[in-house]
Amino acid sequence: LEAERAILRLMSAVEEEWNKPGGRAATVQINGIGIDLSDLQNDVRAPGPDPDATAADGDANDGGASSGLLRTGGWPFRANEHDAVRHLGREMLLQCLRVRGWRVDQSVQVALRFMRFRRNADWSLYFRARDVLRPLRTGMASLLPGRDRFGRAMIYVKPRFLDPALCPVEYFQQSACYCIQEANRDPVVQSKGVVIVVDTSGTGLMTLGNYTYEDLRRGALMFNCYPSRVRHTYIVHASGTMYASVKAILAMMRPVTRAKVTFVSEDLSELHEAIDPKLLPPEMGGVDGYDEWWQKYVDERLSAEGREQREVAEGGGGSNGSPALPPPVERPRRRSTARSRSLERTPPPLEERGGDGSTGLPLPGL
């Protein structure tokens, strides 16, 4: 009951801000600094047919996307911006609350930041595997199985696989956001956060030539504007040039941000202290079979999306190929006897807490 009240209060506050004059402005507050979100869009064309697309991929992609075209739908509320907040969905509102420790006032800014970024980047609220299938298959951004030693989800990034000849950089960035979206389907991860492992082997300053100015700005903002907790970043196999470049960037950031970045030594000891090597690929000191696991994971997500689409079609909902949105959050009728109480810091629902008040949910593998 307390969670439902917090959801309704958050939705009302976000709606109020979103529908104010200037509420959808292309500016967000990050660490107390106003950041301009304009010029995030690239004038890019979807890539041509994917010669490696399988029949299964074609079925999952639905219609025109079966040829390998990437379609993420763009911002779906141009015609009626007032509907955007209600279509965030109950789970995303809960996610914003968990990320900010159930502080409704802070959760409002988290939700607004997410919506403003997606609107100004012309991205959908949610991505499906089939929307970003081509970059997902490359493994440029992927998930690692299981959780680290602190119960956090793990995102694995290999910049050397970013190939603008395959598809625009923006689609690779969307695939990275899909990974963090998938990781945060677990409520425990929403509270404990994620870590990012970046394998910079084969990556040099020439890689930056693949990025436009808009790509660099979008990449710097897309994680900051997503309702998630990025707890730590591990940079592995960094060359001397890469090390100096990242250090120069970190020098301009706050100490608390710099403390969340670790350059892993050649023996990978810092990485293995946080992550069991059995969950890592061979190049990270782990075991064989990771690439096969990731491709199987993508296949399973495609199959699940196909089943969901068929269920919607059979239920008379139809399908136009655009990303599905969660049902709008409905407000219950007001009760005259309803109690008013402060929800500035609402505790998690009981099913998310153990007997000692700590989170007690099992940690499902990915």
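The values are calculated or read from the model by the stated rules, or taken from the named source; none is laboratory data. All figures in this text were calculated on a predicted structure; none of them were measured in a lab. FYI the Cβ positions are ideal-geometry reconstructions off the backbone, even for glycines, and counts take in every protein chain you see. The protein model used for the area step is the full one, side chains on, heavy atoms only, and it has no ligands, DNA or RNA in it. Shrake-Rupley method; radii C 1.70, N 1.55, O 1.52, S 1.80 Å.
Condition (residue is of a type in the set (D, E, K, R) and touching a Leu at 6+ places or on another chain (Cβ under 9 Å)) applied to the stretch 193-213: is it met by at least one residue? It would help to see each step written out before you state the result.
Going residue by residue through the stretch 193-213, those that are of a type in the set (D, E, K, R) are 199.
Now narrow it down to the ones that are touching a Leu at 6+ places or on another chain (Cβ under 9 Å): none.
No, every residue in the stretch 193-213 fails to be of a type in the set (D, E, K, R) and touching a Leu at 6+ places or on another chain (Cβ under 9 Å).
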Filter result for the condition that a residue is among the hydroxyl-bearing types (S, T, Y), part of a loop (DSSP other than H, G, I, E, B), open to solvent by less than 60 Å² (accessible area, probe 1.4 Å) and more than 15 Å from V198 (Cα to Cα), over S265, S228: S228
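Yes or no: E273 more than 29 Å from D131 (Cα to Cα), modelled with pLDDT of 90 or more, open to solvent by 60 Å² or more (accessible area, probe 1.4 Å) and assigned to a helix (DSSP H, G or I)? Give the derivation first.
Working: more than 29 Å from D131 (Cα to Cα): yes; modelled with pLDDT of 90 or more: yes; open to solvent by 60 Å² or more (accessible area, probe 1.4 Å): yes; assigned to a helix (DSSP H, G or I): yes.
Answer is yes for this residue.
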Pick from the stretch 280-299, criterion open to solvent by 40 Å² or more (accessible area, probe 1.4 Å) and part of a helix (DSSP H, G or I), ranking: farthest from V195 (Cα to Cα): D299
G202, sole failed condition from (1) within 12 Å of the chain's Cα centre (by Cα); (2) in a loop (DSSP other than H, G, I, E, B): (1)
Failed condition for A79, given (1) closer than 17 Å to G23 by Cβ; (2) without any contact (Cβ under 8 Å) to a residue 12 or more places away in the chain: (1)
The lone exception for P326 - which of (1) touching a Gly at 6+ places or on another chain (Cβ under 8 Å); (2) open to solvent by 50 Å² or more (accessible area, probe 1.4 Å); (3) at pLDDT below 90 it fails: (2)
Identity of the residue in the stretch 300-323, open to solvent by 70 Å² or more (accessible area, probe 1.4 Å) and charged (D, E, K, R), that ends up modelled with the lowest pLDDT: E314
Yes/no for E182 being in contact (Cβ under 8 Å) with a residue 60 or more places away in the chain, among the charged types (D, E, K, R), in a helix (DSSP H, G or I) and touching a strand residue (DSSP E or B) at 6+ places or on another chain (Cβ under 8 Å): yes
Residue list for the stretch 91-110, restricted to those being in contact with a helix residue (DSSP H, G or I) (Cβ under 6 Å, 6 or more places away or on another chain) and either charged (D, E, K, R) or surrounded by fewer than 17 Cβ atoms within 10 Å (Cβ to Cβ) (or both): R98, R100
Checking I235 against (1) modelled with pLDDT of 95 or more; (2) in a helix (DSSP H, G or I); (3) open to solvent by less than 70 Å² (accessible area, probe 1.4 Å), the condition it does not meet: (2)
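Take V198 and tell me if it is open to solvent by 20 Å² or more (accessible area, probe 1.4 Å), within 30 Å of R90 (Cβ to Cβ) and aliphatic (A, V, I, L, M).
Details: open to solvent by 20 Å² or more (accessible area, probe 1.4 Å): yes; within 30 Å of R90 (Cβ to Cβ): no; aliphatic (A, V, I, L, M): yes.
No; evaluated as a whole, the condition is false for this residue.
Restricting to the stretch 111-121, give me the number of residues that are open to solvent by 10 Å² or more (accessible area, probe 1.4 Å) and not charged (D, E, K, R).
First pass over the stretch 111-121, keeping only residues open to solvent by 10 Å² or more (accessible area, probe 1.4 Å): 113, 116, 119-120.
From what's left, not charged (D, E, K, R): 120.
Counting residues in the stretch 111-121 that are open to solvent by 10 Å² or more (accessible area, probe 1.4 Å) and not charged (D, E, K, R) gives 1.
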Per-region count, the stretch 238-253, residues outside any helix (DSSP H, G or I) and either open to solvent by 60 Å² or more (accessible area, probe 1.4 Å) or under 15 Å from I35 (Cα atoms) (or both): 3
Top-ranked residue in the stretch 145-174 [being in a loop (DSSP other than H, G, I, E, B) and closer than 21 Å to Q95 by Cα; ranked as nearest to the chain's Cα centre (by Cα)]: R152
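Going by what's in this entry, would A141 be described as free of Cβ contacts under 8 Å to residues at least 40 places away in the same chain, in contact with a strand residue (DSSP E or B) (Cβ under 9 Å, 6 or more places away or on another chain) and crowded, with 21+ Cβ neighbours inside 10 Å? Write out each step before concluding.
Numbers: free of Cβ contacts under 8 Å to residues at least 40 places away in the same chain: yes; in contact with a strand residue (DSSP E or B) (Cβ under 9 Å, 6 or more places away or on another chain): yes; crowded, with 21+ Cβ neighbours inside 10 Å: yes.
So A141 passes the test.
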